[in-house]
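Structure, as structure tokens:
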Amino acid sequence: MNTKCLIIGSGPAGYTAAIYASRANLSPVLVDGPQPGGQLTTTTTVENFPGYPQGVDGNQLMADLKAQAERFGTEMHSGLVTAVDFSKRPFAVTVSGMDEPIMAETVIIATGASARYLGLPDEQKYMGMGVSACATCDGFFYRKKRVAVVGGGDTACEEAEYLASLAEKVYMIVRKDHLRASKVMQQRVLSNPKITVLFNTNTLGLFGEEVLEGAHLVEYRGTEREQLFDINIDGFFLAIGHNPNSEVFKTYVDTDAQGFIKIKSHSQATNVDGVYAAGDVCDPVFQQAIVAAGTGCRAALEAERFILNNPL
Ligand code: NDP
């Protein structure tokens, strides 16, 4: 299979790139990856995507974006990218379940990032029923409730502060005796009367009949001072970092220390001419659906221009 533009990933970045690339007559092919529709399919209502005054179901939003991309002729493929060869154009991309690699004049990597979880069995059980990895997405549902944020970095502090503006009580569960976050963020959470930071504390499990009701915690685990205790909470927010899904591209594409794909200034271009990145896989800072969609648009416009200037 040959295509002018191969898009890898099916979140807001991938589908937006597909809408633009197909309207530019690039006849794009999109490979959807392990979680078709991306991270938004794991949330309930998305209330901060412009154009939906009443909010929109995450799955519905992604289905609409997909339909819009298909309407203009994007060819959809289910599968995982297992290998790439970006050493020469056309680029060769191997996809699970396909006999031959897809040969692409340009590639847009929009594989997103995956929130890190603690690995507790209960995290999956209460997913969408109290457990979340995105305070900006789901915090609103915890107005006047009690919540906990796990992590001690800048994200955890920002999320705790945001949640404190909505919730009645916010705990921060921090495994060390100090916060990793910047000083200014530390000061903000430590001086916020609604936030209690539980230092030297780890989560052992979650409990609740149908929805989340609380967490089992341990302070000073493995020491003489070890102490088990519970907190009653309605929401449990993970903020222990995201892993960009960039592993399969790293032989060719430059990434930063955390694995986020490096892009050029004012561009979505990677270090490989004709290969672009969009969305969370290249965004360590914002990680919002609308930002991902915007960068998907940029990547497709750049791919179109690149093909015009570099015909094969
Ligand atoms: P970080 O890696 O900075 O912090 C992760 C936090 O989670 C740390 O406190 C870490 O603990 C904790 N953690 C990791 N794994 C576990 C675990 N298994 N159990 C319990 N706790 C765990 O990630 P962030 O997402 O906070 O930030 C990523 C980058 O983005 C950073 O460079 C940050 O500065 C930046 N950022 C900047 C912002 C801003 O400037 N406004 C806003 C948000 C992020 P420990 O410290 O013990 O390792």
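A few points about this structure:
- Mean separation of Cα contacts under 8 Å (6+ apart) over length of the range 2-120, as relative contact order %: 33 percent
- Accessible-area ranking of His242, His216, largest first, probe 1.4 Å: His216, His242
- Residue among Gly37, Gly214, Gly51 with the largest mean-square fluctuation in a Gaussian network model of the chain, springs linking Cα atoms under 10 Å: Gly51
- For the chain, alpha-carbon Rg relative to the globular expectation (2.2 N^0.38 Å, N residues): 1.09
- Charge-dipole axis of the chain as Lys and Arg at +1 and Asp and Glu at -1 on Cβ define it, positive-most pick from Met1, His216, Val174: Val174
- Of all aspartates and glutamates in the structure, those lying under 20 Å Cα to Cα from Lys88, and not within fewer than 8 positions of it along the same chain, are Glu100, Glu105, Glu247, Asp254, Asp273, Glu302, Glu304.
- Any cysteine of the chain lacking a neighbouring Cys Cβ under 4.7 Å - listed by number: Cys5, Cys157, Cys282, Cys297
- Cross-linked pairs Lys66/Lys169; Lys169/Lys262; Lys4/Lys250; Lys125/Lys145; Lys4/Lys264; Lys183/Lys250: Cα-Cα separations exceed 29 Å for Lys66/Lys169; Lys169/Lys262; Lys183/Lys250.
- The largest-to-smallest principal axis extents of the Cα set in the range 170-312 are 68, 33, 31 Å.
- Relative frequency of Cα-Cα separations exceeding 17 Å in the range 141-200, percent: 25 percent
- Candidate aspartates and glutamates for bridging to Lys176, where Cα separation is under 12 Å - those fewer than 8 sequence places away on the same chain excluded: Glu219
- Sorted largest first by accessible area at a 1.4 angstrom probe radius, with every protein chain in place, the residues Thr3, Thr94 fall in the order Thr94, Thr3.
- Structure-based [θ]222 nm, the chain - -39500 (n - 2.57) summed over DSSP H runs of at least 4, per residue, nearest 500: -7000 deg cm²/dmol
- Relative to the longest principal axis of the Cα atoms of the chain, the long axis of helix 58-71 makes an angle of roughly 0 degrees.
- Accessible area (Å², 1.4 Å probe, nearest 10) - Glu47: 80 Å²
- The angle between the Cα long axis of helix 12-23 and the main principal axis of the chain comes to about 20°, on a 0 to 90 degree scale.
The values are calculated or read from the model by the stated rules, or taken from the named source; none is laboratory data. Bear in mind that the values here come from a model prediction, so they are computed numbers and not experimental data. Here the Cβ is made from the backbone with ideal geometry for all residues, glycine too, and neighbour counts use every protein chain on show. Note: areas computed on protein heavy atoms with side chains; ligands, DNA, RNA excluded. Shrake-Rupley method; radii C 1.70, N 1.55, O 1.52, S 1.80 Å.
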